[in-house]
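Chemist: One structure follows; several queries about it will come next.
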Amino acid sequence: MTFAPRPYPDLRVSTITPGSIAVLQRAGAWEQVLAHSASFSSMQVWDASSPGHICWDARDTGTERMGVVSENNLLQAALLAAAERAGGRTEFIWPAEVKALRLPSDQPEAGPATSAPASESSATSTSGSAQRHGLAELHLADGRVLCARLVVAADGAGSRIRAMAGLRTWGWGYGQRGLVATVTTSELSDTAWQRFLPTGPLALLPARDGFSNIVWSTTPDAAAALEAMSPRDFAAAVNQVLRAPPTGGPLPGASLLGPLANAVGAGLGAVVGRGGGGGGGGGGGGAMRDPPLVLEWVGTSPKSFPLQLKQAGRYVLPRLALVGDAAHAVHPMAGQGVNLGFGDARVLAEALAGAVEAGGDLGDGRLLAQAYEAPRRRAVMTMVTALDGIKKAFQLQAPPLAALRGVGLELINSVGPLRNGIMQYAMLGEA
């Protein structure tokens, strides 16, 4: 798989944070990703139902960028190319279809699975041969059988490998669709813009070659209407919601925000000082700006997909590890899904490297549970809780609650250590 840039960026892009950039650098894929991505150094988040907003700037934490926006097919191509360059005993079997997975385990033996059931409740993971040699078996459609000490399932939210292993999931649909589009704008921007609307957030992100990308969480009916719009009508709909004045009035107690922010900032600054971290940028965030005008969609017409939360009950079994969306699919509002996946890859690679150094078994269930699943589940559930809380907070549209939310946004924007702590967590996955 190679990446040849098309005239217009692909619809599906990901926001890559510095924590994930470090993973790409270690993998040898970063230079190719950077060459065809758009960097952003600032971000503005604001509310449609109150005057509240937050402005982040990478310079406040002493870094060059908050992240880059990359096409998903670029990320895949760059990582595959890096694996090819690494050489060794890497073998690519492409294309291929897995017809059955067999794992040595304590589960009762079941018949072969030729397809993943919709309920993901049918276990089909053991076989006599797998029990005898103690390895995992992947049965391919062409008749080949691959034996491995560890199978890593990275086949997405609808993972067939997860279903074949009998691992159940929990979660819920959001009753929304995520609409994506590539657009042109009136001016270039290195800012990521996101406005929270009553129906869900709308993000305008910089993309390669001066284009921009729209990610709009909205109702199914609205998504269908937007998909049917002409390029100029679509742009008008985007501009209307991005530039409309907030529906709420002035923030209550606005005159008290300054002294309150100073007091909170002084307290947090003292804590950060004792902890030895936090970076600079102790003052208030920037004033709210208008985003660039969207002119039209280009390339492929806007498309949408259903939004859901899906979590695997377990990330590992003996000889099996789930990573990325196969383990956890989250709401795209903060662009954290792919970054959680890169975090999975980093922690799993470190766990396997430790096992090799200690002469251990790469597919040992206890090793995988302790060194990979436990830390990743904590990180993922922390992010899931934060994203779900943000989503629910912005769904509250009663005027007093919207006003209170606006005060909270303005307070965060005014307190440097608090604002930058949130940015650092989003960028690096740590406070």
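A quick yes/no check of all residues on (1) out of contact with any Phe, Trp or Tyr (no Cβ under 7 Å at 6 or more places or on another chain); (2) among the polar types (S, T, N, Q); (3) over 30 Å from ALA181 (Cα atoms); (4) modelled with pLDDT under 80:
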{"position": "ASP60", "(1), (2), (3), (4)": "yes, no, yes, no"}
{"position": "ASN73", "(1), (2), (3), (4)": "no, yes, no, no"}
{"position": "ILE93", "(1), (2), (3), (4)": "yes, no, yes, no"}
{"position": "LYS99", "(1), (2), (3), (4)": "yes, no, yes, no"}
{"position": "ASP106", "(1), (2), (3), (4)": "yes, no, yes, yes"}
{"position": "GLU109", "(1), (2), (3), (4)": "yes, no, yes, yes"}
{"position": "SER127", "(1), (2), (3), (4)": "yes, yes, yes, yes"}
{"position": "GLN131", "(1), (2), (3), (4)": "yes, yes, yes, yes"}
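Chemist: So, GLY365, is that one more than 30 Å from GLU227 (Cα to Cα) and in contact with a Lys or Arg (Cβ under 9 Å, 6 or more places away or on another chain) or not? Can you show your working first?
Modeler: Working: more than 30 Å from GLU227 (Cα to Cα): yes; in contact with a Lys or Arg (Cβ under 9 Å, 6 or more places away or on another chain): yes.
For GLY365, the condition - more than 30 Å from GLU227 (Cα to Cα) and in contact with a Lys or Arg (Cβ under 9 Å, 6 or more places away or on another chain) - is met.
Chemist: Right, here's the next one. Across the stretch 13-50, which residue is nearest to LEU202 (Cα to Cα) among those that are at pLDDT 95 or above and part of a loop (DSSP other than H, G, I, E, B)?
Modeler: SER41
Chemist: Out of (1) under 26 Å from ARG419 (Cβ atoms); (2) buried (at least 20 other Cβ atoms within 10 Å of the Cβ); (3) among the acidic types (Asp, Glu), what's the single condition that is false for GLU71?
Modeler: Here GLU71 clears every test but (1).
Chemist: Please give the number of the condition TRP172 fails out of (1) in contact with a helix residue (DSSP H, G or I) (Cβ under 9 Å, 6 or more places away or on another chain); (2) open to solvent by 40 Å² or more (accessible area, probe 1.4 Å); (3) within 25 Å of ALA312 (Cα to Cα).
Modeler: Against the list (1) in contact with a helix residue (DSSP H, G or I) (Cβ under 9 Å, 6 or more places away or on another chain); (2) open to solvent by 40 Å² or more (accessible area, probe 1.4 Å); (3) within 25 Å of ALA312 (Cα to Cα), TRP172 comes up short only on (1).
Chemist: Do the conditions hold for GLU120, that is, is it modelled with pLDDT under 95, of a type outside the set (A, V, I, L, M, F, W, C) and open to solvent by 30 Å² or more (accessible area, probe 1.4 Å)? Walk me through it before giving the result.
Modeler: On the way: modelled with pLDDT under 95: yes; of a type outside the set (A, V, I, L, M, F, W, C): yes; open to solvent by 30 Å² or more (accessible area, probe 1.4 Å): no.
No: the conditions fail for GLU120.
Chemist: Determine which member of the set PRO201, PRO231 is under 24 Å from the mean Cα position of the chain (by Cα) and either hydrophobic (A, V, I, L, M, F, W, C) or more than 30 Å from LEU103 (Cβ to Cβ) (or both). Steps first, please.
Modeler: Numbers: PRO231 fails: under 24 Å from the mean Cα position of the chain (by Cα).
Result: PRO201 is the single residue among PRO201, PRO231 that is under 24 Å from the mean Cα position of the chain (by Cα) and either hydrophobic (A, V, I, L, M, F, W, C) or more than 30 Å from LEU103 (Cβ to Cβ) (or both).
Chemist: Any idea how many residues of the stretch 72-89 are in contact with a Ser or Thr (Cβ under 8 Å, 6 or more places away or on another chain) and touching a residue at least 60 places away in the same chain (Cβ under 8 Å)? Walk me through how you get there before you give the answer.
Modeler: Taking the stretch 72-89 and keeping what is in contact with a Ser or Thr (Cβ under 8 Å, 6 or more places away or on another chain), we get 72, 74-75, 77, 81, 83-84.
Remaining after also requiring touching a residue at least 60 places away in the same chain (Cβ under 8 Å): 72, 74-75, 77, 81.
Residues flagged as in contact with a Ser or Thr (Cβ under 8 Å, 6 or more places away or on another chain) and touching a residue at least 60 places away in the same chain (Cβ under 8 Å) within the stretch 72-89 amount to 5.
Chemist: For the stretch 314-323, enumerate the residues that are open to solvent by 10 Å² or more (accessible area, probe 1.4 Å) and touching an Asp or Glu at 6+ places or on another chain (Cβ under 8 Å).
Modeler: Once the filter is applied, which keeps residues that are open to solvent by 10 Å² or more (accessible area, probe 1.4 Å) and touching an Asp or Glu at 6+ places or on another chain (Cβ under 8 Å), the stretch 314-323 yields ARG314, PRO318, VAL323.
Chemist: When the residues of the stretch 10-29 are narrowed to those that are hydrophobic (A, V, I, L, M, F, W, C) and over 21 Å from MET423 (Cβ atoms), which ends up surrounded by the fewest Cβ atoms within 10 Å (Cβ to Cβ)? Full working, then the answer.
Modeler: Step one: of the stretch 10-29, the residues hydrophobic (A, V, I, L, M, F, W, C) are 11, 13, 16, 21-24, 27, 29.
Next, only the ones that are over 21 Å from MET423 (Cβ atoms) stay: 11, 27, 29.
Details: LEU11: 22, ALA27: 18, ALA29: 22.
Selected residue: ALA27.
Chemist: Let me ask something else about it. Considering the stretch 187-215 alone, what residues qualify as being surrounded by fewer than 21 Cβ atoms within 10 Å (Cβ to Cβ) and at positive phi?
Modeler: If the condition is that a residue be surrounded by fewer than 21 Cβ atoms within 10 Å (Cβ to Cβ) and at positive phi, then ASP209, GLY210 are the ones that fit.
Chemist: Related question: When you look at ALA345, is it over 24 Å from LEU79 (Cα atoms), outside any loop (DSSP other than H, G, I, E, B) and at pLDDT 95 or above, yes or no?
Modeler: Details: over 24 Å from LEU79 (Cα atoms): no; outside any loop (DSSP other than H, G, I, E, B): yes; at pLDDT 95 or above: yes.
For ALA345, the condition - over 24 Å from LEU79 (Cα atoms), outside any loop (DSSP other than H, G, I, E, B) and at pLDDT 95 or above - is not met.
Chemist: Pick out the one residue from SER301, SER230 that is farther than 30 Å from GLY62 by Cβ, surrounded by 12 or more Cβ atoms within 10 Å (Cβ to Cβ), among the polar types (S, T, N, Q) and modelled with pLDDT of 95 or more. Spell out the reasoning first.
Modeler: On the way: SER230 fails: surrounded by 12 or more Cβ atoms within 10 Å (Cβ to Cβ).
Checking each option against the conditions leaves just SER301.
The values are calculated or read from the model by the stated rules, or taken from the named source; none is laboratory data. In this text the structure is predicted, and so the values were computed from the model without any measurement. Positions of Cβ are backbone-derived with ideal geometry, glycine not excepted, and every protein chain shown enters the neighbour counts. Areas reflect the complete protein model, heavy atoms only, side chains present, ligands, DNA and RNA absent. Shrake-Rupley method; radii C 1.70, N 1.55, O 1.52, S 1.80 Å.
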